[in-house]
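Derivation of every value follows stated rules applied to the coordinates shown; laboratory data play no part. Being a predicted model, the structure only gives us computed values, none of them experimental. No Cβ is skipped: glycine too gets one built from the backbone with ideal geometry, and neighbour counts run over all protein chains shown.
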């Protein structure tokens, strides 16, 4: 896998994690009775608080894939 593909996979993983975190926070805030603005504030806060290290660690190891491809 080349560097560009690795970067794309990382970007996609971060995008997916942000979307999931925002959606869950938005829904939970609605269940808690927050107004629309409050729900959006919770969603944005969830994105800002996202553990990027966990997203990176959840990705498959590119070096192992490169070894398997040879």
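Structural remarks
- At R0 = 35 Å, FRET efficiency that the Cβ-Cβ distance of residue 13 and residue 41 yields, to 0.05: 0.90
- Sorted largest first, extent of the chain alpha carbons per principal axis (Å): 55, 17, 14
- With the helix formula -39500 (n - 2.57) applied to DSSP H stretches of n ≥ 4, the chain reaches a computed 222 nm mean residue ellipticity of -26500 deg cm²/dmol.
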